[in-house]
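Here is the structure we will look at.
Throughout, read-outs are computed from the coordinates displayed, never taken from laboratory work. Computed from a predicted structure; not experimentally measured. Neighbour counts are summed over all protein chains in view; Cβ atoms, including those assigned to glycine, are modelled from backbone coordinates with ideal geometry.
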Ligand SMILES: [Zn+2]
């Protein structure tokens, strides 16, 4: 291997590991970066590092934030009696884009994946149950994706929440089975939320 090539190959390799970036795109991005001014590349590198260092999980809803608690949890104008449970912080963004939801969120950071050994205790379920100790919460909307793992997780949560005096609903299936909330337009997500129904595990 030519030693001069090492940094180039390392960058291509790192970029190609990003989601949605294949080997070809990684090469294109690498050459693009090499042609930029050093200052410009430094800005990008520092934005990545700063975000990584300063953005943490909100201690209440487990979404990503640079303040404690996050701007949604600490907003007194929001409806603090409703919690919408989603898989990822990206889903919070998707819900917020609809402009139709004014409650709080809870981010699980994944779903139960039985085949890959991802179990409920690896998700932020304990944190959700902790929040439900407060009488303030009247409704939990299960907004995991309508996929096999999303449905498994919703069922598990419905069963876990059964003994708790709280209304449990599931977003409507305006999003087809196998779909990902993150990629649907605001109207579809808002409709799924509007048409949510009572949800039980039996
Ligand atoms: Zn929060």
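Return a whole-number percent for the relative contact order of the chain, with Cα pairs under 8 Å and 6 or more residues apart as the contact set.
16 percent
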Counting only C-alpha contacts under 8 Å and six or more residues apart, can you give the relative contact order of segment 1-74 as a whole percent? 14 percent
According to the square roots a ≥ b ≥ c of the eigenvalues of the Cα gyration tensor, what is the shape class of segment 3-54, taking rounded for a/c under 1.5, prolate for a/b larger than b/c otherwise, and oblate for the remainder? oblate
Largest fluctuation, 32, 183, 105 only, Gaussian network model of the chain with Cα springs under 10 angstrom, belongs to 32
How would 13, 106 line up from fewest to most surrounding beta-carbon atoms within 10 angstrom? 13, 106
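For the chain, what is the percent of antiparallel DSSP beta bridges, rounded to the nearest 5?
30 percent
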By Cβ neighbour count within 10 Å, fewest first, 41, 86 rank 41, 86
For the chain, take the longest principal axis of its alpha carbons; what is the angle in degrees between that and the long axis of helix 148-161, to the nearest 10 within 0 to 90? 40 degrees
For segment 89-143: rounded, prolate or oblate by the Cα gyration tensor [a/c cutoff 1.5]: oblate
Taking 7 Å along the Cα-to-C-beta vector as the label spot, tell me the residue 96-residue 172 distance in nanometres, rounded to one decimal. 2.6 nm
Inter-label distance, nm, simple model (7 Å from Cα along the C-beta direction), residue 9/residue 138: 6.3 nm
Put in order of increasing Cβ neighbours within 10 Å, starting from the fewest, 74, 16, 88 give 74, 16, 88
Calculate, axis by axis, the spread of Cα positions in the chain along the three principal axes, and write the results as whole Å, longest axis first. 65, 37, 33
May I ask you to derive the FRET efficiency for residue 197 and residue 54 from their Cβ-Cβ distance with R0 = 41 Å, giving the value to the nearest 0.05? 0.55
Amide N of segment 81-96 lying under 13 Å from the label point, which is placed 7 angstrom from the Cα of residue 71 along Cα→Cβ: 93, 96
Could you calculate the contour length gain from residue 126 to residue 35, that is, 0.36 nm times the residue separation minus the distance between their Cα atoms, to one decimal place in nm? 27.9 nm
